[in-house]
Every structure is written in C-alpha cells, then in structure tokens.
Amino acid sequence: MSPRAYPIADFLEASPWAGLCLAADDRILAANAAARALFGSDPAGRPAIAVLRNPEFHAALEALDSGAPSGRADLTIAAPGGRGHFIIHVTRLSAKGERLAFFEDRTELDQAAAIRRDFVANVSHELRTPLTALSGFIETLRGAARDDSTARERFLSIMDREAQRMMRLVSDLLSLSRVEAEEHRAPTQSVDLVALARRAGETVRDQADGAGVALVLGPAPAGGAVVKGDADQLLQVLLNLLENAIKYGGGTAPACIDVTFAALPHEPKLRGPAVALSVRDHGEGIDPLHLPRLTERFYRIDGHRSREQGGTGLGLAIVKHIVNRHRGRLKITSEPGKGSEFMVILPAAPPERAG
C-alpha cells in the first residue's frame, strides 16, 4: 500500500513536531495535536496568514511555488505557553500544490545555550577580580615593595585571601558539576536528618560562635526523620544553609538560628509522607522581589557583601540541585525585618521491614 493511501492527518500525528498541511491557496487542511497545542486551537480551515503572520514563513511558501523542493524559516512565535523560537521546515507534498510545514522547537536549546554563555561570563567575572589583584600585588612585591616588610606582609595576607576565594569558587563549581551529573539518579541510602544536622552543627560551631550566633537544634519528630538520601550531599545542603544563616541572618545579638524537623503524613506535591527540615534565622530578612531568583547561579542580593563574607554565589544553586536529585522541594520564605526560613522537604524513607 502506498503512503498516499493513508490520510495525511495520520502522517502529521506521527511527527513529534507541530505540523500543518496546507492547500495550494495556503489554506490549512490539517493540523496535528502538537500544532493545535502551539496555536491554542485547531487552525484547520483557516488561511495560514491568519494563523501565522510572519513574512519569513510566507516567503518560504512562495519559494516552493517558484520550484524550490523545500524551504525554511527562522522565527519566534507567541504561543499560549509563552514565546518560543522555531525553525519551520516546508516541503511540497504533491503536484496539486499541497505543502507540509513542520515547526522544530529550538526554545530549550536556545535557553541552554544562553545559560552556558551566562555561566562562562559569570565564572570569568568572578575569577577576574582576584586574578587581577594577585597579578597587581605580585608586580608590586617585585618592584616598589620588594624591601618593605610591612607592605609585603599586608599584600601576602590579601593574596592569600584572594587565592582562598578562588579555591572556594572552584570547589563549588566542581560540587555543582557533580550534583548535576547525578541529578537523574535518585539516592537509595537511609539517612537520619537529625543526626546529620547535629554533625553539621558541630562543623559550623566555631563559625557561629565567632559571629555571636547560637545554633538551636530542635527535637526529632515522633515518627523520626529518616529519608532516602545521599548522606554527603544532604550534609552539604545543611552546611550551605547554616553557613548562609550565620553570614547573613545573624541579626542583632543575642542572635540564634533554629533548626527544626517535622514529619508530614502526606505531602501533596511529593505524593506521600515526607520529612521537613527548616533552617530559620531572625535577621534582617529578604525582600520578596529576590526570593524567586535566590537559587540561580551567581545571583546575589548584595554582591559586595557576599564576596566580603567569602560567598561564591553558588551555595543555594547547589542546594536546589541536591534537593531536586532527592525528589524533594525547597521552600524559601522571608519578610524584611523578620528573618528568613529555608525549608527542605524530602520523601520519608519507608519503614524497614522486620526480618
């Protein structure tokens, strides 16, 4: 049986791309489900120019009329789901002048390319400042300050601080890369979040004491706080959240950071029982304007203050990706003048069966 024996609508539906079949007069004869979703309704029976007012698209159709076997157009379409970038491939279907048009969605690829460009630009910017400082101090120590012991000690101290800053950045970049590489694999270990929080608290105890901040660890919930997780990654989540709270949420003395736990019998978005871990500070809080962007790479509310505190701008991005790997949720709430709360909600580990 020849392909023409099948209705053209069947061929259109077999394509993962949005597809249209057009008559010689540019009236749309058929559209597949992807095209109906793209345009928000079934465009069949309407003139193509009424559905898609784009000169490049219609120029590609005219090229077919002039004898070209195929054509393409590059355009942005405002669809119900938002604006998207598409490459439209058009080809002649029959001697009667029927044409096929398929819409190759390039939106996600373009977004990924933009993320890569921004990432490289941000890393370059973050490294440029300490490298410039190091280069300048080395030149000074080789010249004017060669025999000035006081200046030499001061410059070496600054150089050490800048080198440490670059090391933290490289370490966080490697952590982020590892987390992203593993994000599709759900962890399988059983991890007690309360025990892990105690361990994290001991790790940052000196830092908290130096900042005049008390860490207050709440009790374990009645049902326990055991989740399926990667202990090392969840420890990193706790350390990042605690260090952020110590640096930016201390507030006025006496300051404290509360770490609490709650067992949730049913978390709707996780579709099952869960454990919530909350790190709450009582500092100056965060303007709601910033909350949606806090987990973006290199996003800082106060860039100068963050760098002075030793931040790389990657801590919360790492937290987000680790939580995603654990199939959990990260919920951030804050109000200026009333502190901030970072809540991690993870699926609870099923109870172990007795042997």
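The values are calculated or read from the model by the stated rules, or taken from the named source; none is laboratory data. Predicted model, so just to flag it, every value in this text is computed and none were measured. Methodologically, a virtual Cβ is constructed for each residue, glycine included, from the backbone with ideal geometry; neighbour enumeration extends over all protein chains shown.
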So, first residue within 29 Å of residue 266 (Cα to Cα) and free of Cβ contacts under 8 Å to residues at least 40 places away in the same chain in the stretch 276-302, second residue among the charged types (D, E, K, R) and not in a loop (DSSP other than H, G, I, E, B), Cβ within less than 8 Å, six or more apart or across chains; the pairs are 295/320
Take the residues in the stretch 10-32 that are out of contact with any Leu (no Cβ under 9 Å at 6 or more places or on another chain) and in a helix (DSSP H, G or I); name whichever of them is farthest from residue 76 (Cα to Cα). 10
Single unsatisfied condition, residue 269 versus (1) modelled with pLDDT of 90 or more; (2) in contact with a Lys or Arg (Cβ under 7 Å, 6 or more places away or on another chain): (1)
Between 88, 77, which is crowded, with 16+ Cβ neighbours inside 10 Å, modelled with pLDDT under 80, under 27 Å from residue 15 (Cα atoms) and out of contact with any Cys (no Cβ under 9 Å at 6 or more places or on another chain)? 77
List the residue pairs whose Cβ atoms are under 7 Å apart, where the first residue sits in the stretch 39-67 and is part of a helix (DSSP H, G or I), the second is among the charged types (D, E, K, R), and the two are 6 or more positions apart or on different chains. 48/26; 49/26; 56/74; 60/72; 61/26; 61/99; 64/92; 64/99
List the strands (runs of 3 or more DSSP E) that sit entirely inside the stretch 68-144 and contain at least 2 residues that are under 31 Å from the mean Cα position of the chain (by Cα) and of a type in the set (Gly, Ala, Ser). 70-79, 82-92
Could you tell me which of the residues 348, 354, 245, 276 is in contact with a Pro (Cβ under 7 Å, 6 or more places away or on another chain) and either modelled with pLDDT of 85 or more or more than 25 Å from residue 185 (Cα to Cα) (or both)? 348
Unmet requirement for residue 195, which otherwise passes all of (1) surrounded by fewer than 18 Cβ atoms within 10 Å (Cβ to Cβ); (2) more than 22 Å from residue 325 (Cβ to Cβ): (2)
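So that you can scan it fast, the table gives a plain yes or no per residue for (1) of a type in the set (Gly, Ala, Ser); (2) farther than 15 Å from residue 323 by Cβ; (3) out of contact with any Asp or Glu (no Cβ under 7 Å at 6 or more places or on another chain):
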{"position": "225", "(1), (2), (3)": "yes, yes, no"}
{"position": "228", "(1), (2), (3)": "no, no, yes"}
{"position": "238", "(1), (2), (3)": "no, no, yes"}
{"position": "249", "(1), (2), (3)": "yes, yes, no"}
{"position": "260", "(1), (2), (3)": "no, yes, yes"}
{"position": "272", "(1), (2), (3)": "yes, yes, yes"}
{"position": "281", "(1), (2), (3)": "no, yes, yes"}
{"position": "291", "(1), (2), (3)": "no, yes, yes"}
{"position": "299", "(1), (2), (3)": "no, yes, yes"}
The one condition residue 181 fails out of (1) within 30 Å of residue 327 (Cβ to Cβ); (2) surrounded by 15 or more Cβ atoms within 10 Å (Cβ to Cβ); (3) modelled with pLDDT under 85 is (2)
